[in-house]
Amino acid sequence: MKKSRYSDSQIINILRQAEAGTPVPELCRAMAKGAVSTGRLSIRAACTAFTISETCDRYLPKLSDENALIADWLLGLTAAKRNWGFMLCFLYLRNVKGFPWNHKRVYRIYRELELNLRIKPKR
């Protein structure tokens, strides 16, 4: 019979984390990083074993403090200019203030803040 790579206590710890509500992909990433850091597996082998992408080892998400800055600007603009929609806010931030933010990113934050204007029906 083949010997398991993980001890019983490690397996039980993983199952407890899964029952506690930790998402399974997050657990897989943590296990893959643990296997790579101990030197038992290469990055490619660990990612293949846990069925995750190799880019998750190298990917660093965007900073949330910059997202907070975008949110602050959007809240300030919509408070000052009530009838400005997303496009006017974005063009002001891009052209007047000179921020290099992508329109998709700014729109995602705009929607999260629920700043969408009501579309008025035609009479």
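Six or more apart or on different chains, Cβ under 9 Å: which pairs go from a residue in the range 46-62 that's at pLDDT below 80 to one that's of a type outside the set (Asp, Glu) and not in a helix (DSSP H, G or I)? Could you list them?
Here the result reads TYR59/SER53, each pair linking the range 46-62 to a residue that is of a type outside the set (Asp, Glu) and not in a helix (DSSP H, G or I).
I'm trying to understand the selection: among the residues of the range 15-31, which are among the basic types (Lys, Arg) and surrounded by fewer than 13 Cβ atoms within 10 Å (Cβ to Cβ)?
ARG16
Scan the range 64-108 residue by residue and report those that are closer than 17 Å to ARG118 by Cα, free of Cβ contacts under 8 Å to residues at least 12 places away in the same chain and not in a helix (DSSP H, G or I).
LYS81, ARG82, TRP84
Under the condition of being surrounded by 13 or more Cβ atoms within 10 Å (Cβ to Cβ) and not hydrophobic (A, V, I, L, M, F, W, C), which residue from the range 74-107 is nearest to SER64 (Cα to Cα)?
The residue in question is ARG105.
What single numbered condition from (1) surrounded by 14 or more Cβ atoms within 10 Å (Cβ to Cβ); (2) out of contact with any Ser or Thr (no Cβ under 7 Å at 6 or more places or on another chain); (3) hydrophobic (A, V, I, L, M, F, W, C); (4) modelled with pLDDT of 85 or more fails to hold for LEU115?
(2)
The values are calculated or read from the model by the stated rules, or taken from the named source; none is laboratory data. Bear in mind that the values here come from a model prediction, so they are computed numbers and not experimental data. Glycine gets a Cβ as well: all are built from the backbone with ideal geometry, and neighbour counts include every protein chain shown.
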